[in-house]
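One structure is given below, encoded as structure tokens.
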Amino acid sequence: MNNFQFYSPTEFVFGRDTENEAGYYVKKHGGTNVLLHYGGGSAVRSGLIGRVTQSLESAGITCTALGGVKPNPRDTLVYEGIRICREKKIDFILAVGGGSVIDSSKAIAMGVPYDGDFWDFYSGRQPQAALPVATVLTIAAAGSEGSGDSVITKESGGLKRGAGSDLIRPRFSIMNPALTCTLPPYQTACGATDIMAHVFERYFTNTTEVEITDRLCEAVILTMVKETPRVIADPANYDARANIMWAGTVAHTNLVGVGREQDWNSHGIEHELSALYDCAHGAGLAVIMPAWMEFVYRHNVMRFAQAAVRVWGCQMNFEQPEQTAQEGIVRFRRFLRSIGMPLTFDELGAKAEDIPALVEKFGIGDGRTGGFVRLSAEDIADIYRIAVEPKLI
Ligand code: NZQ
Ligand code: ZN
């Protein structure tokens, strides 16, 4: 196991009706003048924004609303949010929504005290300060409620890039699983796929002797395999929603990834798809993650065979472990299909002729990227090609 430092300062407030305590927690964490940031309408329609606003007002907190965050959140609204925060002297940002709303809030939080363009933080610069951010989560997916990451899309040029800093880890996250019961099945499945991908990006590693994190990873994946079909069949199942919601957070605080080398190439390769086609991040991952597996599994057949046996219930073929590894990838795709996810470029609405442009935007030139397997630009093109026509399906 490698040396590591693990910092996860977020206070998680989990359970029914917890959104009504938003005012109490903002006050507890020092907020007096809040930007209430939300999405395209679901949180208004469900009455959630009304309940949160009431809770803030009852706690004597001033509140300015800024809705309209789109999935794959754009820089344009971030600039707007920064302007409003400066003008109104906002001292706390409360995100009510999913990963997109939370990531937009984090971008605004870094941008307000910074003299330059906030996009600098999405081009490698580290912030020195940020407004405090907290969340009321409405979808189990991105894990942004417990992460120090934010992903924003630049409207002109369609660049989707990430920023990371402990300064933007949420101060608190309110998580009421009942809020996720209004999610359409497709969105639920996209979220489930993203959660599983966050675990697999950590699971496939060259670091040895990491039994504890291997087992934690497997526990999260097994939970998702059991609970996702339950909520697809019965969207109002609170207990299944609760297990998925906490799995989503555990998957991405890095608790399951510490002390081991990780590989985020599938995410990077997917981000180019959601930037170009504006597809859901989870749907893009359903197409890319198994394609990446199909490309890299020979690098460490036994690790893929281990996943196949422990997670997908395959029989170990000791004479030909490669077959076991392949069977695991087939079963992963079968699972994704069963929850309604796309598996190919075609099903996602992506086009094979765009592959050179996607690779170009990925932007590694003659270099290599990744942890488990270091990929060249040509390797990335091959992974997109596998996603056009998968073999292990
Ligand atoms: O905008 P509204 O009307 O709220 O609708 C949203 C949106 O259309 C809807 N929704 C959310 N909660 C709902 C609901 N509909 C009904 N009932 C509810 N309770 O769901 C749609 C998707 O929302 P979004 O926030 O985009 O989903 P998600 O949480 O999957 O976030 C995706 C974004 O997070 C980034 C992705 O790249 C993508 O941009 N990621 C962020 C990460 C991070 N910050 O740590 C890590 C991830 O790997 C990911 O890259
Ligand atoms: Zn993700």
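The lone criterion from (1) part of a helix (DSSP H, G or I); (2) among the charged types (D, E, K, R); (3) touching a residue at least 40 places away in the same chain (Cβ under 8 Å) left unmet by GLU227 is number (3). The single condition among (1) free of Cβ contacts under 8 Å to residues at least 12 places away in the same chain; (2) of a type outside the set (D, E, K, R); (3) within 11 Å of ligand 1 (Cβ to nearest atom) that THR208 does not meet is (3).
Scanning segment 351-363 for residues that are under 24 Å from the mean Cα position of the chain (by Cα), without any contact (Cβ under 8 Å) to a residue 24 or more places away in the chain and part of a helix (DSSP H, G or I) yields a count of 1. Of the residues examined, ALA142 is not one that is over 18 Å from the mean Cα position of the chain (by Cα) and buried (at least 18 other Cβ atoms within 10 Å of the Cβ).
Those residues that are within 11 Å of ligand 1 (Cβ to nearest atom) and outside any strand (DSSP E or B), I need them from segment 117-154; list them, please. Within segment 117-154, THR138, ILE139, ALA140, ALA141, ALA142, GLY143, SER144, GLU145, GLY146, SER147, GLY148 meet the criteria. The set of residues from segment 297-326 being closer than 21 Å to VAL220 by Cβ, buried (at least 16 other Cβ atoms within 10 Å of the Cβ), of a type outside the set (S, T, N, Q) and over 22 Å from the mean Cα position of the chain (by Cα) comprises TYR297, ARG303, PHE304, ALA305, ALA308, VAL309, ARG310, TRP312, CYS314, ALA325. Of the helices (runs of 4 or more DSSP H) entirely within segment 284-350, those holding at least 2 residues that are in contact with a Pro (Cβ under 8 Å, 6 or more places away or on another chain), in the same structural domain as ILE221 (by TED's automatic domain parsing) and in contact (Cβ under 8 Å) with a residue 40 or more places away in the chain occupy 321-338. Could you say which residue among SER173, SER156 is surrounded by fewer than 20 Cβ atoms within 10 Å (Cβ to Cβ), more than 16 Å from ligand 2 (Cβ to nearest atom) and outside the structural domain of SER274 (by TED's automatic domain parsing)? Unique residue meeting the criteria: SER156. All conditions in (1) under 30 Å from PHE4 (Cα atoms); (2) away from ligand 1 (no atom under 16 Å from the Cβ); (3) surrounded by fewer than 23 Cβ atoms within 10 Å (Cβ to Cβ); (4) aliphatic (A, V, I, L, M) hold for LEU255, with the sole exception of (2). For segment 377-393, filtered to residues that are surrounded by fewer than 16 Cβ atoms within 10 Å (Cβ to Cβ) and in a loop (DSSP other than H, G, I, E, B), the residue that is modelled with the lowest pLDDT is ILE393.
The values are calculated or read from the model by the stated rules, or taken from the named source; none is laboratory data. Quantities reported herein were computed from a predicted structural model and do not represent experimental measurements. FYI the Cβ positions are ideal-geometry reconstructions off the backbone, even for glycines, and counts take in every protein chain you see.
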